Structure formats: C-alpha cells, structure tokens
Amino acid sequence: MSRVSPDNNDGLVESKEAGPVPPDAHRASRSPSAPLDAAPTQDRASPFTALGMAIRFLLPVGDPPAGDAAAWRRAANWFLPIGLGIGLLWVGVFRALWRLYGEEVTSLRLVPAAGVLVVDVVFTGYCLFVGLTTTVDALFGPRHARQPEPESPAPPGMSAVMALLLSIVLQLVLISAVRTGDWWWPSDWRRHLNFAYPQLIYRPLLLAPLWGRWAILLAAGLGRVASRSHPAAVGLSEAVSPKLVMGTYIVPLCLTAVYCSRSGNLILGTIIALTVLGLTFVTGVVIARRGGGQTRRSMLAAGKMAELIFLSAFVILSGYIRGW
C-alpha cells in the first residue's frame, strides 16, 4: 500500500518498495494516449452501431452521437437503405388505407395520401420538416443565422410557419395526384424482374424517401460546416466525399430510370433524376452561402426539398409515363 507522508511538502507519494514517486506518474499510466489503456475509437464501430447512428440522425429517436469521420462514413452507407425502408412503409400505409376505404369519388385519393402524410409528419419525416422549418427561420427569420444550433428549436417565425404549411399541403396534393395508369409490364429481359415492379401509383412513394436521404448526403458534401452546427453534422460532412455522393447517386438514378420508363424508354426517369440533382444542388449551395455553412437541420431540409422536387417532377411527367 502507498501512503502520503504527512511531513512531505513537495507532494511526493512514498512507496514501500520504490521510494518517492511523482503523482503525475500515476496519472500518466492512465493517460488516454497510452496504447494499452486507450479506449476503442468509433471508427471500429460495428454495422449495427453505424445503423444506429444513421437512424438517430434521420429519425426522431434520440440525439445523434458526435462520432468521427470513419464512423460516419459507415453510417452514411445506411442512409439509402433507411430511405428504401421508409418508402416501403409509405407504400404499405397507402395500400392498406386504399383497400380499407376503396375507390373515392374523385381521382384524388385523399385518404391514403393523408395517411402517408401523417406517418411522415409524425415519424419518418419529422426531422426533415423540423430541419426545413428551422432553416427557413434561420435564413429569413429574426434570429441571426450564425447563432448556435440549439438541441430544441425555438418557436418558428412567420416565414418558417408558412414554409411548413406550404410543404405539408404540397406533399399532400402531390401524393394525392399520383394516378394508377395502365397495367404495363416490361416485355424485354426485364420481364424476369416483374415481381420487383410495383404498380405505377406506388412507385413515387417508394422513390421519394430514397431521394430525400440521398439529398442529405449531397448537402453534407456541399461547402463548409457552420460553426454553430451539431457535432454529428461535422462528422458526417467530414465523411462525405464527392465519390460517395456520386456513387450513391447511381442507386436512385437507376431505380428512377427503370420505374419511370415505358416501353424501354429510360429518358423520362433520367430527366427526373437530373432535375432532382440540379435543383437540390442549387438549393444546398444557396442555403450554405446565406446561412454561413451547413448544419444538421439544413442537411435535413435539403432532404425534404428533394422529396418535394421529385414528387413534383413525377406528377408533371406522369402523363408521359402512363402513355396517355
């Protein structure tokens, strides 16, 4: 056992075997820089840990951790699968309510569309709506854009409320306006993949969340990160590279080109994909310039903007996609 000598005024610790030992030596043996005692860093996170980080960034299930670039690089790989899972949830809710309420008087299926919107506002897109609202408020509201990003956003201003209402109404109208179209299936080599071709009315519901989660990666790679941003946004921005953004872009691009085509014509889906890319890129650049950099909520706002852009483009070109 070691003890401190009562008449030792220089703070040395006296050991029975080794004599006086400086107290800093004990602290140095437990230093985080020591290789034997160093805690494992987050860059060795398991796939499930990375999935949890991605879920907490995208969904209202808790504050996302800070993490380093390596950990967030693994978490970024889960963004598109999460978007695809959300799309499947939208399709399931829409189909269940459509079967429950049957055909409506008008061609607008308001009840299934409202069900999807409720699920999105309450859970799947809650963070995206909050990001859109707070971003608009930071850019055009009374608070200065370079204030620290709070964990709990303050009550929004009038401009943010108008943006929120407009986005909710626009999403409801766009989902309601999607038509069933003809029962068309590919007759070329893709006929072997007919099981993976949903009806036309379900395709934008499946693709919109996918585009929204990809757009978050795009926004994370645009410009610098604001000093007020959440630590998770800093880690994600450091992890995202142009190679990652364009590599993941292939997934929604190919699915949109296939699902929005007719009789082998892939140009319609490609036009929609390029439209989402161009307008989301411009939106992200404008937000980064006016707001002094990207934040977590501005990245989420880009995701909601991409969803609305995709749904708008799909509805505009739906007549050509249906072949009417």
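The values are calculated or read from the model by the stated rules, or taken from the named source; none is laboratory data. All values reported here derive from a predicted model rather than from experimental measurement. Backbone-built Cβ (ideal geometry, glycine too); neighbour counts: all protein chains shown.
Numbers below:
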{"quantity": "Any hit, region 234-244, residues being buried (at least 22 other Cβ atoms within 10 Å of the Cβ), touching a Lys or Arg at 6+ places or on another chain (Cβ under 7 Å) and either more than 28 Å from residue 71 (Cβ to Cβ) or modelled with pLDDT under 95 (or both)", "calculated": "yes"}
{"quantity": "Residues being surrounded by 15 or more Cβ atoms within 10 Å (Cβ to Cβ) and more than 9 Å from the chain's Cα centre (by Cα) - total across region 56-68", "calculated": "6"}
{"quantity": "Enumeration of residues in region 289-304 that are of a type in the set (Gly, Ala, Ser) and either within 20 Å of residue 58 (Cβ to Cβ) or assigned to a strand (DSSP E or B) (or both)", "calculated": "298, 301, 302, 303"}
{"quantity": "Test: residue in region 184-197 that is outside any helix (DSSP H, G or I), on the phi > 0 side of the Ramachandran plot and at pLDDT below 85", "calculated": "no"}
{"quantity": "Count of residues meeting criterion [assigned to a helix (DSSP H, G or I) and within 27 Å of residue 120 (Cα to Cα)] in region 213-238", "calculated": "15"}
{"quantity": "The one condition in (1) among the basic types (Lys, Arg); (2) modelled with pLDDT of 95 or more; (3) over 29 Å from residue 177 (Cα atoms) that residue 289 fails to fulfil", "calculated": "(2)"}
{"quantity": "Odd one out for residue 148, checked against (1) at pLDDT 70 or above; (2) surrounded by fewer than 19 Cβ atoms within 10 Å (Cβ to Cβ); (3) farther than 27 Å from residue 80 by Cβ; (4) not aromatic (Phe, Trp, Tyr)", "calculated": "(1)"}
{"quantity": "Which listed residue, of 295, 280, 248, 275, is modelled with pLDDT under 95 and not hydrophobic (A, V, I, L, M, F, W, C)", "calculated": "295"}
{"quantity": "Residue list for region 105-145, restricted to those being assigned to a loop (DSSP other than H, G, I, E, B), at pLDDT 90 or above and not small (Gly, Ala, Ser)", "calculated": "none"}
